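Notes follow the structure.
The values are calculated or read from the model by the stated rules, or taken from the named source; none is laboratory data. Just so it is clear, the structure is predicted and the values come from calculations on it, not from any experiment. Glycine also receives a Cβ, built like all others from the backbone with ideal geometry; neighbour counts cover every protein chain displayed. Ligands, DNA and RNA are excluded from the accessible area calculation, which covers all protein heavy atoms including side chains. Shrake-Rupley method; radii C 1.70, N 1.55, O 1.52, S 1.80 Å.
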Amino acid sequence: MEQILIIEDDTGLSTGLSKALAADDRHIVTCPTLHAAREQLLCQTPDLVLLDLNLPDGNGMDLLTELHTSPSAVIVLTANDTDTDIVQGLEQGADDYITKPFSLAVLRARVNTQLRKLRERAQPAVLELPPYTFDFAALRFSVNGTAVELSKTEQKLLRLLVENRGRTMERSVLLDRVWTDGASFVDENALSVAVKRLRDKLDAHDCIKTVYGVGYVWSGGDA
């Protein structure tokens, strides 16, 4: 389960961020101060930190420096919008820097991007799931040694399914992660079509199974 830590003293904004980023496979914790955040970080290392800089008990930049050696991705959310502020934040180790006010759709897309990068670094680039070989670094995919061409959408969908093999991926989660351009609406039929094409191209009807009313699961290979 993905862990997100929101460090923001504005209660209304913190609640709004939690709702906007909520997902069944995410655990979100909010802290209003640096002190509370440091205590939380002693308990667990989150996958991603959303960090406000102007906090009641200090400057979030100090915590950003402390997080420099952490595996957590950090997105700064702040009203400090000068070029100097942005450069300093990025040079201090922030993976992204978003100034207030901001679009929730854009924020979600950027959060998804950082979490996807973390998942990609954590997973081997090449997966051997006989009769399949999936090389996500070189974008080469084969069945019994025969190359298969996949679209970018099909590649994203495949990676989500095989990296979570044995676990049912809800339709809403797949829609959110495959179509990460911040679009406000994606026709659910697009997911059904992408799944069908992926099954047909890989001859993976026995591997990509439908969990009716919920989503899809990859049950082949070493699941």
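Some values worked out for this structure:
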| item | result |
| --- | --- |
| Selection within segment 121-177 - under 30 Å from residue 105 (Cα atoms) and among the basic types (Lys, Arg) | 121, 152, 156, 159, 165, 167, 171, 177 |
| Scan of segment 69-80 for residues that are outside any strand (DSSP E or B) and touching a Lys or Arg at 6+ places or on another chain (Cβ under 8 Å), ordered by number | 79 |
| Residues that are open to solvent by less than 50 Å² (accessible area, probe 1.4 Å), at pLDDT 90 or above and in a loop (DSSP other than H, G, I, E, B), drawn from segment 81-99 | 94 |
| Every residue from segment 36-59 that is more than 23 Å from residue 85 (Cβ to Cβ) and surrounded by fewer than 19 Cβ atoms within 10 Å (Cβ to Cβ) | 36, 39, 40, 42, 43, 44, 45 |
| The one condition in (1) open to solvent by 70 Å² or more (accessible area, probe 1.4 Å); (2) at pLDDT 90 or above that residue 151 fails to fulfil | (1) |
| Residues of segment 103-148 satisfying the condition of being β-branched (Val, Ile, Thr), out of contact with any Asp or Glu (no Cβ under 6 Å at 6 or more places or on another chain), open to solvent by less than 70 Å² (accessible area, probe 1.4 Å) and free of Cβ contacts under 8 Å to residues at least 24 places away in the same chain | 133 |
| Where a residue in segment 195-207 is more than 18 Å from residue 133 (Cβ to Cβ) and its partner, wherever it lies, is β-branched (Val, Ile, Thr) and open to solvent by less than 20 Å² (accessible area, probe 1.4 Å), with Cβ under 7 Å and at least six apart | 195/208 |
| Among the residues listed as 134, 141, 102, the single one being outside any helix (DSSP H, G or I) and under 21 Å from residue 20 (Cα atoms) | 102 |
| Filter pass, residue 159 being open to solvent by 50 Å² or more (accessible area, probe 1.4 Å) and charged (D, E, K, R) | no |
| Which listed residue is in a helix (DSSP H, G or I), touching a helix residue (DSSP H, G or I) at 6+ places or on another chain (Cβ under 8 Å) and not aromatic (Phe, Trp, Tyr), from 13, 17 | 17 |
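Residue-by-condition table, conditions (1) out of contact with any Leu (no Cβ under 8 Å at 6 or more places or on another chain); (2) surrounded by 13 or more Cβ atoms within 10 Å (Cβ to Cβ); (3) at pLDDT below 85:
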{"position": "180", "(1), (2), (3)": "yes, yes, yes"}
{"position": "193", "(1), (2), (3)": "yes, no, no"}
{"position": "197", "(1), (2), (3)": "yes, yes, no"}
{"position": "201", "(1), (2), (3)": "no, yes, no"}
{"position": "204", "(1), (2), (3)": "no, yes, no"}
{"position": "210", "(1), (2), (3)": "yes, yes, no"}
